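Report on the following structure.
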């Protein structure tokens with residue numbers, strides 16, 4: 001797998017349909033070698049932000065908001081075509097210290113992504129002193145909703161696709177039967193002292209999913225507790241939202257996943 005992010009065998013905070021719709025793009029990207037390097041991804045991302053800042057300065061503005069696009073898979077490290085949460089945190093730190101930037105709009109269209117790195121970015125956004133607005137005109141699901149919830153105000157286009165999908169899952173593949181079909185034998189031998197090494201996977205291979213389920217439960221407990229903390233009393237538990245349901249914008253507004261329906265231009269007018 002390309003880079004430092006691995007889609008399979010990792011806890012994912014992602015809408016399942018979004019994951020499987022993205023897989024063909026990864027296959028084509030690998031075949032056609034269209035993946036960018038982390039440095040190329042970060043350079044393009046920062047160039048777009050710098051262009052916004054330069055345009056505002058050239059217009060004579062002393063104070064101006066900046067739009068950060070979070071489009072596609074949420075990843076911890078910049079990879080494939082996506083900017084990592086670690087890079088976004090560093091950019092937000094610079095914006096927080098820049099007295100000319102009046103606020104930040106996080107323009108999100110994502111079905112989610114990796115559990116790793118998501119909470120760190122969300123908590124940084126939640127603790128920012130500058131005003132932050134989360135906006136979507138597409139998907140804001142799972143890990144993306146975690147980040148979106150951390151903003152001080154949350155807006156959505158009435159034409160957005162899906163909002164919610166609070167939860168996590170993990171996908172595993174066991175290729176030993178395939179290896180054996182072609183005459184290969186697979187052995188995995190552990191030192192006698194290493195009885196708990198890879199214990200979740202070893203138990204899974206015996207048909208016991210409980211250890212992985214417990215690990216995922218702990219992750220989702222954190223996810224839900226942070227959603228409650230970020231939203232406060234604005235989010236109404238309808239019996240479905242914390243079980244992973246997705247919502248259309250009007251329904252998301254009713255339970256408080258969204259604070260307001262509007263456009264990106266409406267969001268910018270708030271600064």
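The values are calculated or read from the model by the stated rules, or taken from the named source; none is laboratory data. Predicted, not measured: the structure shown is a model, and the values here were computed from it. Here the Cβ is made from the backbone with ideal geometry for all residues, glycine too, and neighbour counts use every protein chain on show.
Details
- Residue check for residue 4: at pLDDT below 95, over 23 Å from residue 271 (Cβ atoms) and either part of a helix (DSSP H, G or I) or within 13 Å of the chain's Cα centre (by Cα) (or both): no
- Qualifying residue in the stretch 106-126 (condition: in contact (Cβ under 8 Å) with a residue 60 or more places away in the chain and over 21 Å from residue 230 (Cβ atoms)): no
- The stretch 154-182: number of residues that are at pLDDT 85 or above and more than 26 Å from residue 210 (Cβ to Cβ): 11
- Subset of the stretch 128-164 that is in a strand (DSSP E or B) and free of Cβ contacts under 8 Å to residues at least 40 places away in the same chain - its residue that is surrounded by the most Cβ atoms within 10 Å (Cβ to Cβ): 140
- The set of residues in the stretch 30-54 that are part of a loop (DSSP other than H, G, I, E, B) and at negative phi comprises 34, 35, 36, 37.
- Residue check, residue 193 outside any loop (DSSP other than H, G, I, E, B), free of Cβ contacts under 8 Å to residues at least 12 places away in the same chain and exposed (fewer than 13 other Cβ atoms within 10 Å of the Cβ): no
Every residue, every condition in (1) part of a helix (DSSP H, G or I); (2) under 17 Å from residue 148 (Cα atoms); (3) modelled with pLDDT under 95, yes or no:
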site: 208; (1), (2), (3): no, no, yes
site: 211; (1), (2), (3): yes, no, yes
site: 231; (1), (2), (3): yes, yes, no
site: 242; (1), (2), (3): yes, yes, no
